[in-house]
Every structure is written in C-alpha cells, then in structure tokens.
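Working notes, structure below.
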Amino acid sequence: MIAEARVSETEAVITLTPDIGDLVPSEALPQQSVDGPAGVSSFPKVLRRRLDKFFADGNISPKADRTMWVKITAGLAVLAGSWIALYAFEPDSWKFVALYLLGGLAQTFLLLNIAHDSNHNAISSVPSVNKTLNYVFDVCGINSYMWRILHHRGHHSCVNVHGEDDALTGRGILRFTPHEPRKPLQRFQHIYGLFLYALFSLDYVFVRDFECFFFPSHDYLSRTRHPVREYAILFAGKAFYLTYMLILPVVVLGKSPLLVAAAFVLVHLIVGSTVSLVFQTTHTVDSTYFPSDRGEFDNGVYHIFATTADYATTNPVVSWLVGGLNHHIVHHLCPFVCHTHYAPLTRIVKETAEEFGIPYRQHSTMTRAIWHHLILLKQLGNEN
C-alpha cells in the first residue's frame, strides 16, 4: 500500500502542468502532453517513464528527504541565530555588520533552497507546509504571492518567450532576447549588467511587487483579481521586513542609521547578484534558444531542452548552495520534485537525451555559465 501511494504521488508530482489554480485559475501552463505521433513523442514519453520509474523502483517520495529537512533547519537556524546574537550581545559596529551580513547570507540560502521549492509545492504533500515555508519570501522582503504568479505563469509556462516570460524583463535597460528591439545603450550591457543584477532584490522590495499589484505590465496580471488578504499581506510583509532590518537596529540597538543602511544595502547586493546569476545562467546564455511564441514546439519537453541549460551538475557543493537550480532542465521537467533528488534525475535526463540525439545544454562550472551569459549579453547588445 505504501509503495502504491508513493507511485501515485510521483505521477501526480512529475508533471508539466503545475496546479496553480489558487492564484491564476485561467492561466495554468499550456498543455504539454506526452502523447502524439509516435516519432515525435517517443523521447518525451520514454523520459517521463524513466523519471517516474526512479521514484517507483526505489520507493522514494519525490518530496523533501532528510537532507532537505536538514537544509531547512540549518537555514532558519542561521537566520534566527544571527538576529538573536545581534540583540543578545549588542556587538560593536564591525561585529554588527558581520552578523548582519551572516543573516543576509542566510536569506540568500533560504530563497534559493527553501522558498523556491515551497513555491513549487515540492517540499511536502501537505499544502499548508509548503504555504508556510513559502512565507520565507516575505521574511526576505519579497512578496510570496506575486513571486508565485510571476514564476509559474510568467516563466515556467513560457520559458524564453518574449513578452510573456517575466525573467526576460529588462526594463529597457537590459536586452535578454533577440525578439526585443535593441537600444544604443545596450551595447555596453555585458559591462553594466552585473552591477544591475546586484540591485535585483532591492527592486523587488521597494518597486517590483507594488508595480505588479497596482501597475501591472502583463495581461495576465491585469486580468487577475487578487484577494484582499493578499494586499494586506503585501503591506504587512513589507512593514515587518523593513522593521526588523532597518528600524529595530537603530531604535533598540542604537546603531547609526547610516551604518544600518550601509549594511542593508550590502546585504541586498549579495542577495541580488547571487540570485540573479543563479537563474540567468540557466536560460539566457549564448547556446539557448528564444522561441517566437509558446506554441513553436509540438511538445513542451522539447521547448524546455531548447531554452534551458544546466551547469556544474557534478559539483555537489554548488548544487547544495544553489538549491539544485544548476540542475535546471530537471527542475522544469519535474517542478514539484524536491531539489535534493535532482542529481540522479539529471543523469537520467542526460543519458536519455544522448540516446535519442536530443541536444543537452550544459556548462562544466558556474563560472563558465556566467561567462556564456555575458557573451549573450554582448551579442544582443550589438546585434539588431
């Protein structure tokens, strides 16, 4: 009975149509059936069967394993511990900054390892557990509700599709796709891009979330009626974040507002640049493809392989730190699987792709992935 239950759970989790009806009921991912003409669908069908078989044969739950719960506990403990230490020991300026930065590193770890998985309901089969852990976004100053909409409807459903994939939004400053008109300034984007990435999380905290709620740029956001409670959570979450990050250190610890502000900005430079590069190196590199529309491929599996690249998949340290997002093809194929299972699944993906002659894009290290991302930025900045 247990084995049957886990097989059923696996089949429900390894799917290309995430259950996001609670947020955008009319905007689920496009149908990406593995059925169709035998020649076209053989690779997706075999790949899906092998991925399912991994969990079924090993009687393994696709949700969080012991390693994942250790990561959750460790991440939350470091974040809480750094802030407890700030108030328990009342450190001098340099130790204050060190503990503050430690908390910022913990936030980065939690965003990549915990918040992202919970956003995909990949941690637990109990919805309330995922929902609770998803508030890690709000603890880090980013609205969890809006991130969920943008990430599911604005990315997973339309990877690298101009005008739809929110990850390609460059605000007219950065050009991430050849389908977007080029501006003269963008010829230097491979130089200034990294500096702008460092502002990514500051943008989300102070601008982007409010913009998406009140001045939406995407049609699916304009058509979505957000629950009143989500507006309340938006303002309450921002107030909570800014209170514990900026106000309390000044009021309770008596630290200089300038010192606290400097530490705050430094934390965001770390969070912003890290999170941006972890994600940008998986879709916007010089070897990935940019479809003209979401229906260009007969099967969504081929869309994922054409638009996504892995990196450093044999490096367990990188995988551990970035929440398995370096195994990005598997993530898009199995969005509801906990990232601690990605390594063996990636081996299955690579072997199956090689067997069927399907291009598998990868870089041996994260450094090389970043380099190839910058190459793309330079190409797009100089080509019309």
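The values are calculated or read from the model by the stated rules, or taken from the named source; none is laboratory data. This one's a predicted model, so the numbers in the text were calculated from it and none came from an experiment. Glycine gets a Cβ as well: all are built from the backbone with ideal geometry, and neighbour counts include every protein chain shown. Calculation scope for accessible area: heavy atoms of the full protein, side chains included, ligands and nucleic acids excluded. Shrake-Rupley method; radii C 1.70, N 1.55, O 1.52, S 1.80 Å.
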Notebook entry, point to check: Just to be sure, is His218 touching a Gly at 6+ places or on another chain (Cβ under 7 Å), more than 25 Å from His151 (Cβ to Cβ) and either open to solvent by less than 50 Å² (accessible area, probe 1.4 Å) or free of Cβ contacts under 8 Å to residues at least 60 places away in the same chain (or both)?
Noted result: no
Notebook entry, point to check: Of the residues that make up region 150-163, is at least one open to solvent by 20 Å² or more (accessible area, probe 1.4 Å), modelled with pLDDT under 95 and out of contact with any helix residue (DSSP H, G or I) (no Cβ under 7 Å at 6 or more places or on another chain)?
Noted result: yes
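Among the residues of region 226-236, which ones are in a helix (DSSP H, G or I) and closer than 12 Å to Met146 by Cα?
From region 226-236, those in a helix (DSSP H, G or I) are 228-236; that's our starting set.
Matches in region 226-236: Glu230, Tyr231, Ile233, Leu234.
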Note to self: Of everything in region 43-69, what is open to solvent by 50 Å² or more (accessible area, probe 1.4 Å), over 14 Å from Asp117 (Cβ atoms) and in a helix (DSSP H, G or I)? Give them in sequence order.
What the structure shows: Lys45, Arg48, Arg49, Arg50, Lys53, Phe54, Asp57, Arg66
Check: Hey, which of the helices (runs of 4 or more DSSP H) in region 241-359, taking only ones fully inside, have at least 1 residues that are modelled with pLDDT of 95 or more, of a type in the set (S, T, N, Q) and closer than 24 Å to Phe55 by Cβ?
Finding: 257-283, 316-321, 342-356
Next item on the list: Quickly run through region 95-153 and pick out the residues that are of a type outside the set (Val, Ile, Thr) and not in a helix (DSSP H, G or I).
Entry: His120, Asn121, Ala122, Ser124, Ser125, Tyr135, Cys140, Gly141, Asn143
Item checked: Residues of region 284-308 that turn out to be over 11 Å from Cys158 (Cα atoms), open to solvent by 10 Å² or more (accessible area, probe 1.4 Å) and not acidic (Asp, Glu), as a count -> 6
Margin query: So, in region 120-149, exactly how many residues are of a type in the set (A, V, I, L, M) and surrounded by fewer than 21 Cβ atoms within 10 Å (Cβ to Cβ)?
Written below: 3
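For every residue, the table says whether it meets (1) closer than 17 Å to Leu345 by Cβ; (2) under 18 Å from the mean Cα position of the chain (by Cα).
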| residue | (1), (2) |
| --- | --- |
| Val46 | yes, no |
| Gly75 | no, yes |
| Tyr87 | no, no |
| Ser93 | no, no |
| Gly104 | no, yes |
| Ile114 | no, yes |
| Ala122 | yes, yes |
| Ser125 | no, no |
| Lys131 | no, yes |
Next item on the list: Output the residues belonging to region 180-198 that are touching a Gly at 6+ places or on another chain (Cβ under 8 Å) and either within 15 Å of Ala167 (Cα to Cα) or surrounded by fewer than 17 Cβ atoms within 10 Å (Cβ to Cβ) (or both).
Entry: Glu180, Arg182, Lys183, Arg187, Phe188, Tyr197
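Mind checking which residues of region 92-104 are surrounded by fewer than 17 Cβ atoms within 10 Å (Cβ to Cβ) and either closer than 27 Å to Ser276 by Cβ or of a type outside the set (Phe, Trp, Tyr) (or both)?
Listed by number, the residues that qualify are Asp92, Ser93, Lys95, Ala98, Leu101.
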Notebook entry, point to check: Are any residues in region 81-91 in contact (Cβ under 8 Å) with a residue 60 or more places away in the chain and loosely packed, with under 15 Cβ neighbours inside 10 Å, and if so, which ones?
Noted result: Tyr87, Glu90
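Would it be correct to say that Leu196 is over 30 Å from Thr340 (Cβ atoms) and either in contact with a Leu (Cβ under 9 Å, 6 or more places away or on another chain) or assigned to a loop (DSSP other than H, G, I, E, B) (or both)?
Taking the combined requirement at face value, the residue satisfies it.
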Notebook entry, point to check: Which one is farthest from Pro216 (Cα to Cα) among residues in region 133-171 that are under 14 Å from the mean Cα position of the chain (by Cα) and small (Gly, Ala, Ser)?
Noted result: Ser157
Checklist line | So Val275, is it closer than 22 Å to Phe210 by Cα and either under 16 Å from the mean Cα position of the chain (by Cα) or without any contact (Cβ under 8 Å) to a residue 24 or more places away in the chain (or both) | finding: yes
Margin query: Report every pair of residues separated by at least 6 positions or lying on different chains whose Cβ atoms are under 6 Å apart, first residue within region 131-157 and touching a residue at least 40 places away in the same chain (Cβ under 8 Å), second in a helix (DSSP H, G or I) and β-branched (Val, Ile, Thr).
Written below: Leu133/Ile114; Gly141/Val205
